[in-house]
Amino acid sequence: MNIQLPVQGYSQYDSSIQSNYQASACGPVTAYVLLNYLFPNACPYQPNELYKKLGGTRIGLFTYRFIRNLRKLLGPNWKVNKCTLQVALEELKIGRPVALKFDKYFSLQCNKKFTFSYHWVPLIGYELVDSELVLIIHDNGGRNRPSQIRKVRYSDNASILTFVQITPKEK
């Protein structure tokens, strides 16, 4: 099985992002990418605005702030919640990307090696390779490098991952 949504990535080091935000802009950039996918050509916020509105800090964007402040921005017709891996995969199956946070520091896993130490990314798909789950992400770029699609093994990172779904509420 293979699912990959046609999500357009964005680099947190893009010249449009304030230089003092760039190193810690992965959370707001992830929100920006997801909102642009959910609301094509209608997202009213740019990454610099999202950095402020979501409560970004020099050390990153805390999960509770990402959720609480994105709920405020989207209003009562949207659900923004932490979710399980299974729910995240279901979201992908119905065409909605998911915010994914790697966080070894607050997971108290500092001595282990992971794909990222502390980083928000858009989860845009997954595949099963020899019965192993591989997550497909946009990595939000690097200095002098645009965002690119990467594949990471779930099992290598499972203990430090947090999934956040952004879903319209049923009426």
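The values are calculated or read from the model by the stated rules, or taken from the named source; none is laboratory data. Note that this is a predicted model, so its numbers are computed, not measured. Counting neighbours? That spans all protein chains shown, and the Cβs are built from the backbone with ideal geometry, glycine included.
Answer yes if at least one residue in segment 54-70 is hydroxyl-bearing (Ser, Thr, Tyr), more than 13 Å from the chain's Cα centre (by Cα), buried (at least 17 other Cβ atoms within 10 Å of the Cβ) and modelled with pLDDT under 95, and no otherwise.
If we filter segment 54-70 for residues that are hydroxyl-bearing (Ser, Thr, Tyr), which is where we start, we get 57, 63-64.
Next, from what is left, pick out any that are more than 13 Å from the chain's Cα centre (by Cα): 57, 64.
Applying the additional criterion that residues be buried (at least 17 other Cβ atoms within 10 Å of the Cβ) yields none.
Within segment 54-70, not a single residue is hydroxyl-bearing (Ser, Thr, Tyr), more than 13 Å from the chain's Cα centre (by Cα), buried (at least 17 other Cβ atoms within 10 Å of the Cβ) and modelled with pLDDT under 95.
Of the residues that sit in segment 128-141 and are charged (D, E, K, R) and surrounded by 11 or more Cβ atoms within 10 Å (Cβ to Cβ), which one is farthest from TYR118 (Cα to Cα)?
Going through segment 128-141, the residues charged (D, E, K, R) turn out to be 130, 132, 139.
Adding the requirement that they be surrounded by 11 or more Cβ atoms within 10 Å (Cβ to Cβ) leaves 132, 139.
Working: GLU132: 23, ASP139: 12 Å.
Only one residue fits best here, namely GLU132.
Scan segment 142-157 for residues that are surrounded by fewer than 20 Cβ atoms within 10 Å (Cβ to Cβ) and either in contact (Cβ under 8 Å) with a residue 40 or more places away in the chain or closer than 17 Å to TRP120 by Cβ (or both) and report the count.
Keep residues of segment 142-157 that are surrounded by fewer than 20 Cβ atoms within 10 Å (Cβ to Cβ), which gives 142-146, 148-151, 153-157.
Subsequent filtering for residues that are either in contact (Cβ under 8 Å) with a residue 40 or more places away in the chain or closer than 17 Å to TRP120 by Cβ (or both) retains 142-146, 148-150, 154, 156-157.
Of the residues in segment 142-157, 11 are surrounded by fewer than 20 Cβ atoms within 10 Å (Cβ to Cβ) and either in contact (Cβ under 8 Å) with a residue 40 or more places away in the chain or closer than 17 Å to TRP120 by Cβ (or both).
Please state which one of LEU123, LEU100 is surrounded by 20 or more Cβ atoms within 10 Å (Cβ to Cβ) and in contact with a helix residue (DSSP H, G or I) (Cβ under 7 Å, 6 or more places away or on another chain). Before the answer, list the steps.
On the way: LEU100 fails: in contact with a helix residue (DSSP H, G or I) (Cβ under 7 Å, 6 or more places away or on another chain).
None of the others qualify; the one that does is LEU123.
Kindly indicate the residue of segment 20-43 that is assigned to a loop (DSSP other than H, G, I, E, B) and touching a helix residue (DSSP H, G or I) at 6+ places or on another chain (Cβ under 9 Å) and also surrounded by the most Cβ atoms within 10 Å (Cβ to Cβ) among those meeting that condition.
Kept after step one, since they are assigned to a loop (DSSP other than H, G, I, E, B), are these residues of segment 20-43: 20-21, 25, 39-43.
When the remaining residues are screened for being touching a helix residue (DSSP H, G or I) at 6+ places or on another chain (Cβ under 9 Å), the result is 21, 25, 42-43.
Working: TYR21: 19, ALA25: 28, ALA42: 8, CYS43: 16.
Looking at residues that are assigned to a loop (DSSP other than H, G, I, E, B) and touching a helix residue (DSSP H, G or I) at 6+ places or on another chain (Cβ under 9 Å), I get ALA25.
ILE17 fails exactly one of the following numbered conditions: (1) under 20 Å from LEU123 (Cα atoms); (2) buried (at least 19 other Cβ atoms within 10 Å of the Cβ); (3) not small (Gly, Ala, Ser). What is the number of that condition?
So ILE17 meets the others, but not (1).
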